[in-house]
1. Hey, what's the per residue convex hull volume over the C-alpha atoms of the range B:165-241, in cubic angstrom?
2. Counting pairs of Cα atoms in the range B:227-329, how many percent are more than 20 Å apart?
3. For helix A:278-306, what angle does its Cα long axis make with the longest principal axis of chain A, in degrees from 0 to 90 and rounded to 10?
4. Tell me, Kirkwood radius of the range A:44-99 from alpha-carbon pair distances, in Å?
5. Using a 7 Å offset from the Cα along the Cα-to-Cβ direction at both residue A:13 and residue B:101, what is the distance between the two label points in nm, to one decimal?
6. Past the 46 angstrom mark, what percentage of all C-alpha to C-alpha distances in the protein assembly as shown do you count?
7. Quick check: Cα centre of the range A:95-146 to Cα centre of the range B:268-326, how many Å?
8. If you wrap a convex hull around the Cα atoms of the range A:89-312, how much volume per residue is inside, in Å³?
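The values are calculated or read from the model by the stated rules, or taken from the named source; none is laboratory data. What you see is a predicted model; the values in this text were computed from it and never measured. We place every Cβ from the backbone using ideal geometry, glycine too, and count neighbours over all the protein chains shown. Protein only, heavy atoms only, side chains kept; ligands, DNA and RNA dropped before computing areas. Shrake-Rupley method; radii C 1.70, N 1.55, O 1.52, S 1.80 Å.
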Amino acid sequence: MNRWSYVLIRVLQVIPTFFVVMVLVFAAARLLPGDPLTAILGERATEEMVVKAKHELGLDQPLPVQFWIFLKDFFQGNLGDSINLKVPVTRLILERMPVTLFLTLYAAVLAAALAIPLAFVAALRKDTWADNLIRGVFQLGLSMPVFYIGLQLLTLLGARLRWFPVGGYGNTFGEHLYYLFLPALTLGFNLAAILMRNLRASILEVLQAEYVDFARAKGLRPSLILGKHVLRNALISTVTLFGLNIGGLIGGAVITETVFAIPGVGRLMVDSIFGRDYPVIQGLTLTFALLVSLVFILTDVIHAQLDPRVEAA
Amino acid sequence: MSEPILKLNNLCTVFHTARGRFTAVDGVNLELFPGEVLGLVGESGSGKSVTLRSILRLVRPPGRVSGEVRWRGRNLLSLSEPQMRQVRGGEISMIFQEPMTALNPVLPVGEQIAETLREHTELSGNALRQRAIELLELVGIPSPKERLRDYPHQFSGGMRQRVMIAIALASNPKLLLADEPTTALDVTIQDQILKLLLRLKDTLGMSVILVTHDLGVVAQTCERVAVMYAGRIVEVAPAAELFAQPRHAYTLGLLNSVPGAGSTRRPLIPIPGAPPDLTALPPGCSFAPRCAFATDECTAQRPPLMDISGPESPAVRLTACIHHDALSAAGEVTR
Ligand SMILES: Nc1ncnc2c1ncn2[C@@H]1O[C@H](COP(=O)(O)OP(=O)(O)OP(=O)(O)O)[C@@H](O)[C@H]1O
Ligand SMILES: [Mg+2]
């Protein structure tokens with residue numbers, strides 16, 4: 001078995017998982033307290049109006065039938081219409097997804113860009129003031145919720161110093177980078193802290209390995225030893241951790257978008273939950289699940305690239 | 001005899017650790033001649049590996065190396081790091097005991113050879129690749145071209161050790177430091193690797209320091225032997241003479257405690273007592289507490305390494321044992 005068939009197997013393993021997610025999503029939306037019809041029609045709707053609306057939305061069908069319709073539609077790319085906004089859910093998501101994806105990716109890149117060099121500094125200067133400072137700052141970051149960090153950054157760098165805009169996301173790619181810098185930093189900070197901690201530990205472990213001594217005995221430059229021999233080995237466990245935490249990042253995007261007034265799917269999610277907008281909730285959750293699954297597969301691919309021994313597992 | 005190619009003068013390696021300060025290599029003086037295979041033997045923890053690492057300045061903190069490593073007219077201990085990198089893998093190569101842990105598990109072996117070549121030669125592109133293939137061929141790896149892309153875990157133990165040797169030989173070093181290169185291998189493979197090393201030594205004109213605690217390996221491969229105990233060299237002798245007539249009580253004990261190196265069957269007598277605690281060595285001979293020959297003189301002060309060879313061939317036999325004369329008689333009895 002080679003590495004690519006291993007990756008293929010991982011892809012196939014995602015399919016049943018995804019089916020379970022669909023069942024859960026379908027059930028969860030119907031178990032939420034509150035009735036969408038009350039939300040739509042208001043408290044004073046008559047019995048007659050309720051029955052009529054229920055019929056129109058297909059909510060009077062037995063649950064298995066509803067689920068069948070849900071499945072069929074999903075595979076035709078039809079996530080239904082929003083109950084409240086009266087537009088196709090697919091369109092809503094497609095409109096807002098790019099911003100959220102941009103933000104999430106940006107946050108992930110920032111997290112890695114912060115974590116990798118700082119982990120090296122901390123590991124190589126273990127137990128010095130530099131190590132303690134880096135670890136202290138990240139530890140502090142880990143102990144604070146995303147929205148709190150966001151608000152602090154917003155107040156200080158945005159409102160007070162006016163270095164960064166306090167909302168929106170601009171029109172060009174460059175503007176996106178500028179407008180979304182604070183939100184991405186907010187969102188990525190926890191991940192950076194988690195990655196830094198993990199990477200620092202694995203660098204310290206890898207530095208003890210005999211192949212590092214052998215690399216030195218070969219006369220290689222320290223930069224080559226660190227950047228090639230040490231980093232590649234240290235990244236193996238960190239990449240997996242990174243993948244596992246991307247899911248959390250997408251969750252965090254919901255809060256970040258609210259704090260920074262960014263019109264992504266996060267806001268849509270919050271609105272649809274309050275409005276009991278089942279089709280939107282389902283559509284979004286499934287999209288998230290799909291994205292997270294993709295990230296997991298991607299993580300496995302990268303992991304297989306980094307570690308030639310995975311096929312043995 | 002020709003000039004030594006390597007000379008260790010009062011080499012000391014001290015570790016400052018939480019459990020105290022100890023000297024893992026304690027004033028080692030040793031000479032190595034061109035084309036020679038010198039065996040370095042001793043129990044586990046006697047400082048053999050640290051000695052080799054000290055030569056290439058590969059001792060990790062908190063270890064500190066002092067003294068002198070004379071190599072081709074220079075003292076390696078006073079070179080700058082960039083100068084030292086030229087020596088490492090270029091003039092002096094080192095191979096380790098366990099190729100599985102010494103080779104990087106996530107890099108193809110071709111790359112691990114190539115990076116050494118890039119560091120020490122002008123080769124690049126196809127020439128570099130050709131040289132890598134050549135090296136794998138040299139150490140006897142079948143279909144070397146195909147194996148360049150393979151990773152260490154795809155090789156057997158013996159083949160991995162061959163890969164490590166290929167890497168060590170990449171830039172035609174003048175000295176090979178081999179730290180128990182065959183201990184991790186089974187006997188037949190061990191034999192093949194040793195023969196390979198000896199053959200390569202001759203064709204490439206290298207000198208070799210071979211660390212081992214297997215006296216059988218010494219008998220098979222080494223011309224001279226240095227015996228280490230508690231960080232000190234306690235005896236130096238031509239291999240044949242050392243086996244025939246050990247002149248240090250520890251060497252005698254060592255010979256009696258292992259199956260004969262090709263000699264007749266005899267009962268094994270383990271050396272009594274535990275290996276020394278480096279943080280609390282006795283003032284005199286470190287071996288005295290375990291030694292049947294020990295007298296007050298042994299424990300009073302540390303015996304120096306004395307030249308006991310005849311006037312016709314000076315500095316051939318060295319020992320740090322006061323009772324080296326008494327040994328020969330006793331040696332016959334137990335052997
Ligand atoms: N990096 C280090 N830090 C602290 N102590 C060390 C270090 N390296 C070696 N030592 C100590 O130095 C002493 C000599 O170790 P060394 O590895 O040279 O022994 P050895 O003769 O090679 O033994 P073996 O046959 O087991 O390989 C041992 O007591 C060991 O614990
Ligand atoms: Mg050793």
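1. Numbers: hull volume 8.0 nm³, N = 77.
Each residue corresponds to 105 Å³ of Cα convex hull volume.
2. Values: 1967 of 5253 pairs.
So the pairs more than 20 Å apart make up 37 percent of the total in the range B:227-329.
3. 20
4. On the way: mean 1/r = 0.0775 Å⁻¹.
Result for the range A:44-99 stands at 12.9 Å.
5. Placing both labels 7 Å along Cα→Cβ, they lie 2.9 nm apart.
6. On the way: 85852 of 209628 pairs.
Value for the protein assembly as shown (Cα pairs over 46 Å): 41 percent.
7. 58
8. Working: hull volume 33.1 nm³, N = 224.
Expressed per residue, the convex hull around the Cα atoms of the range A:89-312 is 148 Å³.
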